[in-house]
Amino acid sequence: MADDTTTPRTDGGAGAAGERTVTMRLWRGDASGGEFVDYVLPAVEGEVVLDVVHRVQATLAPDLACRWNCKAGKCGSCSTEINGKPSLMCMTRMDTLPTDEAITVAPMKTFPVLRDLVTDVSYNYEVAKRIPPFNPRPKTDDEVAAGGYRMQQIDVERSQEFRKCIECYLCQDVCHVIRDHEENKTAYAGPRFFARSAELEMHPLDATDRRELLQEEQGLNKCNITKCCTEVCPEHIKITDNAIIPLKERVVDARYDPVAWLGRKILRRTKGTAAAAAATAPAHGPAAVQPAVEVTGIPGPQRR
Ligand code: SF4
Ligand code: SF4
Ligand code: FES
């Protein structure tokens with residue numbers, strides 16, 4: 001028979017006399033519905049939320065589903081909403097949360113629930129497939145003679161910020177454009193993929209122009225720069241300031257700035273379109289970077 005520490009308590013009450021406890025209010029359920037269930041455990045010094053969820057699994061609810069891998073903030077697997085804020089469970093210290101009330105842990109709201117704290121994030125993989133991959137321009141004669149491309153350090157650093165992304169999709173989760181409007185998912189790439197497009201678009205060697213695709217198919221114009229995505233990014237990528245706003249400026253340049261248009265003509269800086277890049281892309285390659293046969297639209301998430 002289970003002893004006191006292995007019996008779920010759903011009343012949120014205190015433990016044994018003098019024992020410091022913590023109440024974890026975890027969402028339990030699946031796509032058909034669910035509810036929050038309280039689990040009361042002894043408080044342990046130095047834990048992160050993932051530690052406590054693991055203790056719930058080990059002692060109170062062995063059938064609790066949660067996703068994790070590295071426990072070091074690097075795999076992007078343990079994304080949930082902790083006390084309502086999109087967060088990594090492995091990087092949220094218990095001593096940063098209020099101790100006088102239950103700590104809620106819920107699955108990410110923007111994606112369909114598979115079970116308990118685990119969501120189906122395949123929408124993001126579908127969007128990723130629609131980002132035209134890196135398309136380096138041909139080398140100049142000077143570059144061939146020099147043995148390869150040359151890049152300025154500032155250009156390397158600009159892309160490097162976006163390459164820190166661990167694909168936790170917390171920014172996608174918090175973005176109200178798809179969080180509150182499921183219907184937008186067919187025509188909105190979201191902050192993680194605006195950052196990916198910025199990384200490619202700002203690359204000095206890339207020869208694909210993604211601006212029309214961003215505006216017409218990936219919903220860049222729907223972002224109203226609330227910066228919520230930047231606030232939740234565990235890698236502190238300045239998604240709004242360094243990716244989205246510069247992309248919006250480039251779209252405006254392309255459409256409405258006659259001086260920029262003339263400059264591109266004179267300096268021959270015009271890039272190929274995303275559709276042209278897709279047409280000449282190799283037939284085989286990793287699905288995540290392979291362009292769609294037609295670079296148009298974003299499929300909605302697959303529902304079970
Ligand atoms: S800044 Fe734009 S992409 Fe980021 S959360 Fe707000 S609306 Fe979404
Ligand atoms: S940009 Fe930041 S919040 Fe968005 S998926 Fe990457 S690491 Fe996560
Ligand atoms: S377990 Fe890898 S980021 Fe949390």
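For this structure, a couple of remarks:
- Qualifying residue in the range 52-69 (condition: in contact with a Ser or Thr (Cβ under 8 Å, 6 or more places away or on another chain), at negative phi, outside any helix (DSSP H, G or I) and free of Cβ contacts under 8 Å to residues at least 40 places away in the same chain): yes
- Residue check for ARG115: more than 20 Å from ARG28 (Cβ to Cβ), more than 10 Å from ligand 3 (Cβ to nearest atom) and touching a residue at least 40 places away in the same chain (Cβ under 8 Å): no
- Residue that is surrounded by the fewest Cβ atoms within 10 Å (Cβ to Cβ) [pool: residues in the range 123-174 that are at pLDDT below 95 and hydroxyl-bearing (Ser, Thr, Tyr)]: THR140
- Consider the range 141-170 and keep the residues that are in contact with a strand residue (DSSP E or B) (Cβ under 8 Å, 6 or more places away or on another chain) and within 16 Å of ligand 2 (Cβ to nearest atom). The one that is nearest to ARG130 (Cα to Cα) is TYR169.
- Candidate set: the range 235-255, residues that are acidic (Asp, Glu) and without any contact (Cβ under 8 Å) to a residue 40 or more places away in the chain; chosen: the one farthest from ALA198 (Cα to Cα): ASP253
- The residues in the range 21-43 that are part of a loop (DSSP other than H, G, I, E, B) and either at pLDDT below 95 or within 19 Å of PHE111 (Cα to Cα) (or both) can be counted, and the count is 2.
- Helices (runs of 4 or more DSSP H) contained entirely in the range 189-304, each with at least 2 residues that are at pLDDT 90 or above: 191-201, 211-216, 228-232, 245-256
- Note on the range 226-249: among residues that are more than 10 Å from ligand 2 (Cβ to nearest atom) and surrounded by 20 or more Cβ atoms within 10 Å (Cβ to Cβ), the one that is farthest from THR208 (Cα to Cα) is THR240.
- Filtering GLY46, GLY18 for residues that are modelled with pLDDT of 95 or more and either part of a helix (DSSP H, G or I) or out of contact with any strand residue (DSSP E or B) (no Cβ under 7 Å at 6 or more places or on another chain) (or both) leaves a single hit, GLY46.
- Residue count, the range 70-101 (criterion: more than 27 Å from ASN124 (Cα to Cα) and either without any contact (Cβ under 8 Å) to a residue 24 or more places away in the chain or more than 16 Å from ligand 3 (Cβ to nearest atom) (or both)): 7
- Candidate set: the range 175-186, residues that are out of contact with any helix residue (DSSP H, G or I) (no Cβ under 8 Å at 6 or more places or on another chain) and part of a helix (DSSP H, G or I); chosen: the one modelled with the lowest pLDDT: THR186
- When restricted to residues that are under 24 Å from GLY84 (Cα atoms) and among the hydrophobic types (A, V, I, L, M, F, W, C), the range 138-192 contains 10.
The values are calculated or read from the model by the stated rules, or taken from the named source; none is laboratory data. It should be emphasised that the depicted structure is a prediction, and the values quoted were computed from it without experimental measurement. Here Cβ is always computed from backbone atoms with ideal geometry, including for glycine, and neighbour counts include all displayed protein chains.
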